[in-house]
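The values are calculated or read from the model by the stated rules, or taken from the named source; none is laboratory data. Keep in mind that what you see is a predicted model, and the values were worked out from it rather than measured. Reconstructed Cβ throughout: ideal geometry from the backbone, glycine too, with neighbour counts over all protein chains shown. Only protein heavy atoms, including side chains, enter the accessible area calculation; ligands, DNA and RNA are left aside. Shrake-Rupley method; radii C 1.70, N 1.55, O 1.52, S 1.80 Å.
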Amino acid sequence: MCGIAGGWWPQPAFAQTQLPLALHAMRYRGPDDQGFELYPFNPAVVALGQVRLSIIDLSAAGHQPMHSRDGRWAIVFNGEIYNYRELRTELRTLGHSFASDTDTEVLLTAWVQWGQACLPRLAGMFAFVVLDKQTATLTCVRDAFGIKPFFYSAQTGCSFRFASELPALLQLLPSKPALNWQRSYDYLVHGDYDSTPDTFYAGVQHLPPGHWLSVNLANGQPTIPQRWWLPSITERPGWKFDDAVQQVRDQFLQNIRLHLRSDVPLGAALSGGIDSSAVVCAMRHVEPDLPIHTFSYIASGSSVSEEHWVDRVNAHVGAIAHKVVVTPQELARDLDDMIRAQGEPFGSTSIYAQYRVFQLAKENGITVTLDGQGADEMLAGYSGYPGQRLRSMVETGQWGNAWEFWNEWAQWPGRNRMLAAKHLASEITQGGLYALLRRIYGRNPVPPWMQAGPLIAEKVRLQVPRQRPVGHAAGRRVMAELALALTRRGLPGLLRHGDRNSMRFSVESRVPFLTTDMVNLLLSMPEDYLISNRGETKHVFRAALRGIAPDDVLNRRDKIGFETPEKAWLLSMVPTVTEWLRADLKLPFFDQAKVLQEFEQIVVGKKPFSWQVWRWVNFCRWYAQVN
């Protein structure tokens, strides 16, 4: 687990000066070692750098950049290859030898042996760059789900720069990039972020999940990113539910075994929900004698507190429990540091609770944690995607099942028949009709505190940044939506939060649900295996964990998620929030006077509280910080 940076420069002196600054900007990602090298490609230069958090083989043999024995190849790598032992055994049979026990050396050797064909063989999370001196190319790769970050900026014939984090990348650019107005609008008005390759900086992008690109070192020109993995939603014939349960159980336990490989102490982030509880219970199942440290945020005294379930799981596995309770004053104290760590605006104060969980792990000597992230997006969690499920049933003529599902789904906490109907209406409408429905629900594309004129002048699209599944999906609408959520909308933002928060405290966060084998298995099943006709989410997974996790945990019908009492926090520090919103941003599209007026109306109860308040706060603090 590390941070990487580098690129192609026509001026070698600039690379020599700026690369150490970039590595320093993300030193928390790799406090154990640092290295960089310059490779001349006359008249330009390629620079590769890395800061290392030692997890596998803690010796100096893991120093990067790492080179092949013949000197042709060099690599900088951020992440973990969990099946490196199996790959190393296979590569040895092909004649390769190894000088270390690192997964980096295995990855480099796999690239030498198979090239891009090695990528589907990798079980892990990764962003890496391989230099091929013979072909004068630089290949940049990101893992299937985008668990590990990769930012880059390219100017034709001038430069190509990359880094694991935006503050590091900014150190490599000749000047600070302008604000991306489109991303700012999408976030402020619609709460959308991390759903496209674009960042909040104009001309700066991230490599999409499951993609690679190549840079021609003759001119520094990158190719268009190419996809190397996309989940398939085709249903495999001949499924039987009991067989599906066993396959899910076997695959999940195998994932856990691989993710427990570590040469440093590890633990788990435990929220109390089904997903993180399953991870902790599976850790105990596969390693009966393993000391398990869990780290939990507790919303003390709040209706969203899951302390009861945290205690239940800790008692079940005999874990050593660590808990943190957060106050609004602590949020105010740490806000700027968290925003700096995240690099861009984000969704809610729940990210601060996560920030504190990783801080707690660091304080207790834990370097690796396992987390339940990604389960909702592959198991039809959250509210169970009722619009897509109903549409699939109607398209396949299952009218009776659709009626049963509509009624049964509505019996679960926080649901009702009208809500299911709204989800279905949203699913089947698009274009102007979809925009009309949003207006009916009070979702104005240009709220009073935004100035439409400047946005229109800059050609900002004043509409919801809605992404829809592509390709044939009739009767497989849930699976198509899950495939989209796993790669483009939803999960990428959640993974960004986890990566930046964990690395801020030099902790490696592992997500054992997220393997391509697990996704390929689940998305090949009938849809009712994931969301049953009785409205039960994660249907096959709950069955698969029987005997591993407690039944009362698996039988939970509520879905709290990782939530904080955001309204209570922000309204308890009105003077501080007001001061944050008064920051002198000088942005022509953002009317701060009207923002302050609306916030005052929320404070006195004339308008309802919404997540919009946090977006204002987050955006104002972030923009003030980076300007």
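Stretching the chain fully between Gln247 and Phe609 yields a gain of 125.9 nm (0.36 nm per residue, less the alpha carbon separation). Can you match log10 I(q)/I(0) by the Debye sum over Cα atoms at q = 0.05, 0.06, 0.08, 0.10 Å⁻¹ to one of these, (i) -0.22, -0.31, -0.55, -0.85; (ii) -0.32, -0.47, -0.81, -1.15; (iii) -0.22, -0.32, -0.59, -0.95, based on a calculation from the structure here? Entry (iii).
If a paramagnetic tag sat 7 Å from the Cα of Gln16 along the Cα-Cβ line, which residues of segment 23-40 would have the backbone N under 11 Å from that point? Output list for this probe position: 38.
Note on exposure: Phe200, Phe241 ranked by accessible area (1.4 Å probe, complete protein assembly) read Phe241, Phe200, with the most exposed listed first. Here the contact order of the chain, divided by its residue count and restricted to Cα pairs under 8 Å and six or more residues apart, works out to 16 percent. Overall dimensions of segment 215-301, expressed as equivalent-ellipsoid semi-axes from the Cα gyration tensor (√(5λ), whole Å, largest first), are 34, 25, 16. Here the dipole of segment 286-410 is about 120 debye; that uses its Cα centre as origin and unit charges on the Cβ of Lys and Arg (positive) and Asp and Glu (negative). Only one residue of Ala278, Gly318, Ala380 has its Cα farthest out toward the positive end of the dipole of segment 275-384, where Lys and Arg carry +1 and Asp and Glu -1 on Cβ, and that residue is Gly318. Between Arg468 and Asp517, how high is the FRET efficiency from 1/(1 + (r/R0)^6) when r is the Cβ-Cβ distance and R₀ = 41 Å? Nearest 0.05. For Arg468 and Asp517, the calculated efficiency is 0.95.
Can you give the charge dipole size of the chain about its Cα centre, rounded to the nearest 20 debye, using +1 on the beta carbon of Lys and Arg and -1 on the beta carbon of Asp and Glu?
The dipole magnitude comes to about 1400 debye.
Sites count as exposed loop sites when they are trypsin sites (Lys or Arg not before Pro), lie in a DSSP loop, and have at most 14 other Cβ atoms within 10 angstrom; the longest stretch of the chain without one is 241-442.
At an R0 of 35 angstrom, the distance between the Cβ atoms of Val304 and Asp591 translates into a FRET efficiency of 0.60. Multiplying each eigenvalue of the alpha-carbon gyration tensor of segment 568-627 by 5 and taking the square root yields semi-axes of 19, 13, 9 Å, largest first, rounded to whole angstroms.
Summing charges over neighbours of Tyr193, with a neighbour being any other residue whose Cβ is under 11 Å away from its Cβ, gives -1 when K and R count +1 and D and E count -1. Say R0 is 30 Å: what FRET efficiency, to the nearest 0.05, do Cys158 and Glu90 get from their beta-carbon distance? For R0 = 30 Å, the calculated efficiency reads 0.10. For Lys607, the residues whose modelled amide H falls within less than 5 Å of its own, excluding neighbours fewer than 5 places apart on the same chain, are Ile602. Residue-wise HN-Hα couplings along segment 125-142, as the Karplus relation 6.51 cos²θ - 1.76 cosθ + 1.60 with θ = phi - 60° gives them from phi, are 10, 6, 9, 9, 10, 10, 9, 10, 5, 5, 8, 6, 10, 10, 10, 10, 9, 10 Hz; Gly and Pro carry x. Net length available on complete extension from Arg27 to Glu363 is 119.2 nm, with 0.36 nm assigned per residue and the Cα-Cα distance removed.
Put a dot 7 Å past the Cα of Gln205, heading toward its Cβ, do the same for Ser59, and the two dots end up 4.2 nm apart.
The label-point distance for Asn407 and Asn627, in a model that sets each label 7 Å from Cα toward Cβ, rounds to 5.7 nm. Within the shell of other residues whose beta carbon sits under 12 angstrom from the beta carbon of Gly384, the net charge comes to 0, with Lys and Arg scored +1 and Asp and Glu -1. The calculated 222 nm mean residue ellipticity attributable to helices in the chain amounts to -12500 deg cm²/dmol, summing -39500 (n - 2.57) over DSSP H runs of n ≥ 4 and dividing by all residues. Rolling a 1.4 Å probe over the heavy atoms of the protein chains gives segment 245-345 an accessible area of 37 Å² per residue.
With θ taken as phi - 60° and the Karplus curve 6.51 cos²θ - 1.76 cosθ + 1.60 applied, the whole-hertz 3J(HN,Hα) list for segment 293-308 is 9, 10, 10, 9, 8, 10, 7, 4, x, 10, 5, 9, 5, 10, 4, 4 Hz, x standing for glycine and proline. For segment 192-266, the dipole from Cβ point charges (+1 on Lys and Arg, -1 on Asp and Glu) about the Cα centre works out to 260 debye, to the nearest 20. Apolar share of the accessible surface for the chain: 52 percent from carbon plus sulfur atoms, 1.4 Å probe. Computed from label points 7 Å out along Cα-Cβ, the spacing between Met573 and Asp336 is 1.3 nm.
In terms of overall dimensions, segment 523-622 has a Cα radius of gyration and Dmax of 21.5, 59 angstrom.
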